[in-house]
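The values are calculated or read from the model by the stated rules, or taken from the named source; none is laboratory data. These figures come from a predicted structure and were not determined experimentally. Neighbour counts are summed over all protein chains in view; Cβ atoms, including those assigned to glycine, are modelled from backbone coordinates with ideal geometry.
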Amino acid sequence: MGRDLDKERFTEAEYVRFGERLHEQLGVLRELLDTPGFGVGPATIGAELELFLIDERGRPLQRNSQVLEALADPRVVLELGRYNVEVNLTPTPLEGRPFEVMSGEVQEMMTKVDGAVEGGGALPIGILPTLDTEDFTVGAMSDQNRYRALSRGMRRLRLEPFLVKIDDLELAVEDVMLESANTSWQVHIRTPPERFARLFNGAQLAIGPVLAACGNSPFFLGRRLWEETRIALMEEAADDRDVERRGRRDGRVTFGSDWVREGAHELFERYVRDYEPIVPDLHDDAEPHEVPELRLHQGTIWQWNRPVYDPADGGHLRIEMRALPAGPSCADMAANTAFLLGLTLSQAERDLTGYRFAEAYQNFYRAAMHGLDAKLSWPGRDGEFAAADLVLSLLPEARQGLLGAGVTPSDADRALAVIEQRTRLRRTGSAWQREALARFHGDRERLVLRYRELALSGLPVHLWR
């Protein structure tokens, strides 16, 4: 879904042909992944950062097309809401000092985008606290065919309103625009096909305790909800399971329901088997190895960890980790990445398929709800643990995972020290937002303006006043 489309409306015949091509391209992809030497190359990492644009009062500012025009930087693209943009960072080798490089580019790009916003600025935050219901009209959608097509495709499947129920918040909406309330920090790691299953399962296990230490979305529409409210909001605002699809276990945004046991093809096959197409854009001039319809379809299923097949330069496979929130600062996002990748790499060394998947599933949602106060379990350890204690005990394992991948010790230590201090002080982005809102006597605009100032400073959130 990263490029625009030539049109926004599709015929039923196009839906049928698109479905046929999905099944054809599954076979092509399976052959590619089974080809000896496919995807061989050094491990690289990348990331996508979604930003909010705000006006001088801290309210959402619908000017992303003007910002794009002013920047003229191919790394910056439009997102669903006119008050969102996405920054695509330059892929970098995992070996060496990747988190120093990543932090530097994030700081550069946040400053650059912020400076291009006439009459306001930009900030990385999971959910902007000043959003209100009037910000989710169809007129707030970015002027691109791909988003209009996405909206039409979702409404074609779900005849009922989208229902959002999070604690005491209940909303019924007719469109997918609520998704624009969520901004993420999405991390990619390249992997050879034969290592995919273990690495993917490692990411599924790791994300629970990592997310507990990274909460940055405590508010939505003036209500205090989950530590990472974005998780619940994204799942419910794009759930296509209406009365005809109640039997499907997973929504379009999902954690998943089992370990991967063989390889990436399991997930691609499940995406085709279980999910109906919503944007049937056909490509008649593509090369077979590009499998464009399959890649487009996969881009409309937002599993929190998901496979990505990239046909460029002979083709390779990546794991995209989508659960981390944007922000609070460049230092925080680099630290979150280090902890997630290090813990994923270390857990990939063990066979997790004997561990109950339900435990990893429960960890993820408990962490989203309660953050460092969550009760989490872990393979090989009896009982449940306070998330803060578990996080601190897992940092050495994350460090070993990074060093084993060739990360320079000083780079790993600097990044993981941010997680350690944030956890010991219990100063996540969500904690800072709650305290700041109380100090500002409920003034959400003052909260946002102060947050932007501190986020652009580059200081990690545990050092924010």
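Filter segment 102-127 down to residues that are closer than 14 Å to GLY58 by Cβ and under 22 Å from the mean Cα position of the chain (by Cα), then give me how many there are. Spell out the reasoning first.
Our first condition is that a residue be closer than 14 Å to GLY58 by Cβ; within segment 102-127, this holds for 114, 117, 119-123, 125, 127.
After this cut, where a residue has to be under 22 Å from the mean Cα position of the chain (by Cα) as well, the list is 114, 122-123, 125, 127.
Final tally of qualifying residues: 5.
Considering only residues of segment 411-451 that are in contact with an Asp or Glu (Cβ under 8 Å, 6 or more places away or on another chain) and of a type in the set (Lys, Arg), which is farthest from LEU221 (Cα to Cα)?
Residues of segment 411-451 in contact with an Asp or Glu (Cβ under 8 Å, 6 or more places away or on another chain): 411, 414, 418, 422, 428-430, 437.
Now drop any that are not of a type in the set (Lys, Arg), which leaves 414, 422.
Numbers: ARG414: 36, ARG422: 27 Å.
Once the filter is applied, the top-ranked residue is ARG414.
Looking only at segment 19-70, how many residues end up being assigned to a loop (DSSP other than H, G, I, E, B) and in contact (Cβ under 8 Å) with a residue 24 or more places away in the chain? Show your work before the answer.
Going through segment 19-70, the residues assigned to a loop (DSSP other than H, G, I, E, B) turn out to be 35-43, 56-59, 61-63.
Those left that are additionally in contact (Cβ under 8 Å) with a residue 24 or more places away in the chain: 38-43, 56-59, 61-63.
Final tally of qualifying residues: 13.
With β-branched (Val, Ile, Thr) and more than 22 Å from ASP55 (Cβ to Cβ) as the only criterion, which of ILE125, ILE166 stands out? Steps first, please.
Working: ILE125 fails: more than 22 Å from ASP55 (Cβ to Cβ).
Criteria check complete, one pass: ILE166.
What number of residues in segment 346-356 are of a type in the set (A, V, I, L, M, F, W, C) and either part of a helix (DSSP H, G or I) or more than 26 Å from GLU194 (Cβ to Cβ) (or both)? Spell out the reasoning first.
From segment 346-356, those of a type in the set (A, V, I, L, M, F, W, C) are 348, 352; that's our starting set.
Next cut, either part of a helix (DSSP H, G or I) or more than 26 Å from GLU194 (Cβ to Cβ) (or both) only: 352.
Residues in segment 346-356 being of a type in the set (A, V, I, L, M, F, W, C) and either part of a helix (DSSP H, G or I) or more than 26 Å from GLU194 (Cβ to Cβ) (or both): 1 in total.
Considering only residues that are outside any loop (DSSP other than H, G, I, E, B) and surrounded by fewer than 21 Cβ atoms within 10 Å (Cβ to Cβ), which ones fall in segment 272-295? Spell out how you get there, then give the answer.
Taking segment 272-295 and keeping what is outside any loop (DSSP other than H, G, I, E, B), we get 272-274, 288-290, 292-295.
Scanning segment 272-295 gives VAL272, ARG273, ASP274, PRO288, HIS289, GLU290, PRO292, ARG295.
Mind listing just one residue for me: the one in segment 389-446 that is under 30 Å from ILE54 (Cα atoms) and among the basic types (Lys, Arg) and, of those, farthest from the chain's Cα centre (by Cα)?
Here the answer is ARG439.
Looking at (1) modelled with pLDDT of 95 or more; (2) not in a loop (DSSP other than H, G, I, E, B), find the lone condition where PRO328 falls short.
(2)
Give just the number: which of (1) surrounded by 22 or more Cβ atoms within 10 Å (Cβ to Cβ); (2) under 27 Å from VAL106 (Cα atoms) does ARG190 not satisfy?
It fails just one condition, (1).
Are any residues in segment 83-113 part of a loop (DSSP other than H, G, I, E, B) and under 12 Å from ALA47 (Cα atoms), and if so, which ones? Talk me through it step by step, then tell me what you get.
So in segment 83-113, the residues part of a loop (DSSP other than H, G, I, E, B) come out as 83, 89-91, 94-95, 97.
Correct list: LEU89, THR90, PRO91.
Name every residue in segment 186-200 that is over 19 Å from ALA368 (Cα atoms) and of a type outside the set (D, E, K, R), in order of residue number.
Here is the first cut: in segment 186-200, the ones over 19 Å from ALA368 (Cα atoms) are 188-200.
Once the filter is applied, which keeps residues that are over 19 Å from ALA368 (Cα atoms) and of a type outside the set (D, E, K, R), segment 186-200 yields HIS188, ILE189, THR191, PRO192, PRO193, PHE196, ALA197, LEU199, PHE200.
So, ARG63, is that one charged (D, E, K, R), buried (at least 18 other Cβ atoms within 10 Å of the Cβ) and out of contact with any helix residue (DSSP H, G or I) (no Cβ under 8 Å at 6 or more places or on another chain) or not? Break it down stepwise before answering.
Numbers: charged (D, E, K, R): yes; buried (at least 18 other Cβ atoms within 10 Å of the Cβ): yes; out of contact with any helix residue (DSSP H, G or I) (no Cβ under 8 Å at 6 or more places or on another chain): yes.
Taking the combined requirement at face value, the residue satisfies it.
Among the helices (runs of 4 or more DSSP H) lying completely within segment 357-442, list those that include at least 2 residues that are in contact with a Phe, Trp or Tyr (Cβ under 8 Å, 6 or more places away or on another chain), under 16 Å from VAL210 (Cβ atoms) and touching a residue at least 12 places away in the same chain (Cβ under 8 Å). Working first, answer last.
Working: elements: 357-370, 387-404, 409-425, 429-439.
Qualifying helices (runs of 4 or more DSSP H): 357-370, 387-404, 409-425.
Checking LEU150 against (1) surrounded by 15 or more Cβ atoms within 10 Å (Cβ to Cβ); (2) assigned to a strand (DSSP E or B), only one condition comes out false. Which one?
(2)
Can you tell me which of LEU402, LEU390, LEU449, LEU394 is touching a Gly at 6+ places or on another chain (Cβ under 6 Å), within 25 Å of THR353 (Cβ to Cβ) and surrounded by 15 or more Cβ atoms within 10 Å (Cβ to Cβ)?
Numbers: LEU390 fails: touching a Gly at 6+ places or on another chain (Cβ under 6 Å); LEU449 fails: within 25 Å of THR353 (Cβ to Cβ); LEU394 fails: touching a Gly at 6+ places or on another chain (Cβ under 6 Å).
Answer to the check: LEU402.
Quick one: which strands (runs of 3 or more DSSP E) lie wholly within segment 161-267 and hold at least 1 residues that are at pLDDT 95 or above, basic (Lys, Arg) and closer than 28 Å to THR344 by Cα? Let's see the steps before the verdict.
Values: elements: 162-166, 169-173, 185-191.
In segment 161-267, the matching strands (runs of 3 or more DSSP E) lie at 185-191.
Scan segment 251-264 for residues that are in contact (Cβ under 8 Å) with a residue 40 or more places away in the chain and within 21 Å of the chain's Cα centre (by Cα) and jot them down. Write out each step before concluding.
Residues of segment 251-264 in contact (Cβ under 8 Å) with a residue 40 or more places away in the chain: 252-264.
Of everything in segment 251-264, those that are in contact (Cβ under 8 Å) with a residue 40 or more places away in the chain and within 21 Å of the chain's Cα centre (by Cα) turn out to be ARG252, VAL253, THR254, PHE255, GLY256, SER257, ASP258, TRP259, VAL260, ALA264.
Look at ASP73 and say whether it is free of Cβ contacts under 8 Å to residues at least 40 places away in the same chain and surrounded by fewer than 21 Cβ atoms within 10 Å (Cβ to Cβ).
Working: free of Cβ contacts under 8 Å to residues at least 40 places away in the same chain: yes; surrounded by fewer than 21 Cβ atoms within 10 Å (Cβ to Cβ): yes.
So ASP73 passes the test.
Name the residues in segment 86-101 that are under 30 Å from GLN62 (Cβ atoms) and surrounded by fewer than 24 Cβ atoms within 10 Å (Cβ to Cβ), would you?
Step one: list which residues in segment 86-101 are under 30 Å from GLN62 (Cβ atoms), which gives 86-90.
Within segment 86-101, GLU86, ASN88, LEU89, THR90 meet the criteria.
Tell me the residue from GLY41, GLY27, GLY19 that is closer than 30 Å to GLU95 by Cβ, over 22 Å from the mean Cα position of the chain (by Cα), surrounded by fewer than 17 Cβ atoms within 10 Å (Cβ to Cβ) and of a type outside the set (D, E, K, R), please. Quick ask: steps written out before the conclusion?
Working: GLY27 fails: closer than 30 Å to GLU95 by Cβ; GLY19 fails: closer than 30 Å to GLU95 by Cβ.
Result: GLY41 is the single residue among GLY41, GLY27, GLY19 that is closer than 30 Å to GLU95 by Cβ, over 22 Å from the mean Cα position of the chain (by Cα), surrounded by fewer than 17 Cβ atoms within 10 Å (Cβ to Cβ) and of a type outside the set (D, E, K, R).
Looking at ALA323, ALA335, can you tell me which residue is part of a helix (DSSP H, G or I) and buried (at least 21 other Cβ atoms within 10 Å of the Cβ)? I'd like the intermediate steps shown before the answer.
Details: ALA323 fails: part of a helix (DSSP H, G or I).
Going through ALA323, ALA335 in turn, just one is part of a helix (DSSP H, G or I) and buried (at least 21 other Cβ atoms within 10 Å of the Cβ): ALA335.
VAL106 fails exactly one of the following numbered conditions: (1) in contact (Cβ under 8 Å) with a residue 24 or more places away in the chain; (2) surrounded by fewer than 22 Cβ atoms within 10 Å (Cβ to Cβ). What is the number of that condition?
The failed condition is (2).
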